[in-house]
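A quick write-up on the structure given underneath.
The values are calculated or read from the model by the stated rules, or taken from the named source; none is laboratory data. Computed from a prediction, not measured in an experiment: that's the story for all the values here. Don't worry about glycine lacking a Cβ; one is built from the backbone with ideal geometry, like all the others, and counts go over all protein chains shown.
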Amino acid sequence: MSESPPPVDDTTETVKKLYDVAVTESKGQTVLHPSRDSYHDLIQLLVGEGYDVCVDLCGADHLGNATRVLPMTIEPERFELIVNLLDVHTPRRLRIRVQVPESDPVVTTISDVHPGAEAMERETNDMFGVCFQGHPDPTPILLPDGWEGHPLRKDYAMGRIPVQFKTVEGR
């Protein structure tokens, strides 16, 4: 296993790399910025480096947000896939941020490497419309059958869902 990644110096013009992908630091945590094409291979490599727990996987919609920090070699996209990995043997964490274009919101699944990510990928698909190629069960997990749209997209219309309450006997 390798040592923890070195701290990143954000004051230089050069792009730092770790595991052959651009790297930054955010709030004391190392952040890797792979391309969509190299994402799955990076996850497999990181398992070999000891990052065998996928703590979290979620999406983000950056519609209208120009304030996020990315390495200069990474083109910002509307959607972003964020994955947090943990090495339980040597207390280390890594964050992965993958830019996902609105025109083709597809990323390769990592559920073959981290089976626990399967449900998190389904949630990200439901809420943001990011599809996971090769996913074993892409059916909705949070939304009812027939639901149209993705509620956590920033351009999703705010609406009301009528809630029907049933009376409780004896009250």
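When L57, L86 are checked against the criterion of being surrounded by fewer than 17 Cβ atoms within 10 Å (Cβ to Cβ), within 22 Å of T30 (Cα to Cα) and at pLDDT 95 or above, L86 stands alone in meeting it. Give the residues of region 101-148 that are of a type in the set (S, T, Y) and under 28 Å from E75 (Cα atoms), sorted by residue number. The answer is S103, T108, T109, S111, T124. The residues listed here are R93, R78; of these, the one that is surrounded by fewer than 19 Cβ atoms within 10 Å (Cβ to Cβ) and of a type in the set (K, R) is R93. Taking the criterion of being among the charged types (D, E, K, R), over 20 Å from L46 (Cβ atoms) and touching a residue at least 60 places away in the same chain (Cβ under 8 Å), the only residue of region 86-135 that qualifies is E123.
Under the condition of being modelled with pLDDT of 95 or more, in contact with a helix residue (DSSP H, G or I) (Cβ under 7 Å, 6 or more places away or on another chain) and not in a strand (DSSP E or B), the residues counted in region 4-54 number 1. Listed by first and then second residue, the pairs linking a residue in region 136-147 that is within 11 Å of D126 (Cα to Cα) and part of a loop (DSSP other than H, G, I, E, B) to a residue that is modelled with pLDDT under 90 and charged (D, E, K, R), with Cβ atoms under 9 Å apart and 6 or more places separating them unless they lie on different chains, are T139/D145. Against the conditions (1) more than 29 Å from V55 (Cβ to Cβ); (2) among the hydrophobic types (A, V, I, L, M, F, W, C); (3) at pLDDT 95 or above, V100 satisfies every one except (1). The residues of region 103-132 that are more than 14 Å from the chain's Cα centre (by Cα) and surrounded by fewer than 14 Cβ atoms within 10 Å (Cβ to Cβ), listed by number, are S103, D104, P115. The single condition among (1) surrounded by fewer than 18 Cβ atoms within 10 Å (Cβ to Cβ); (2) more than 26 Å from H150 (Cα to Cα) that Y51 does not satisfy is (1).
Residue under question is V69, and the condition is that it be among the β-branched types (V, I, T), crowded, with 21+ Cβ neighbours inside 10 Å and either in contact with a strand residue (DSSP E or B) (Cβ under 6 Å, 6 or more places away or on another chain) or assigned to a loop (DSSP other than H, G, I, E, B) (or both); does it hold? In short, no.
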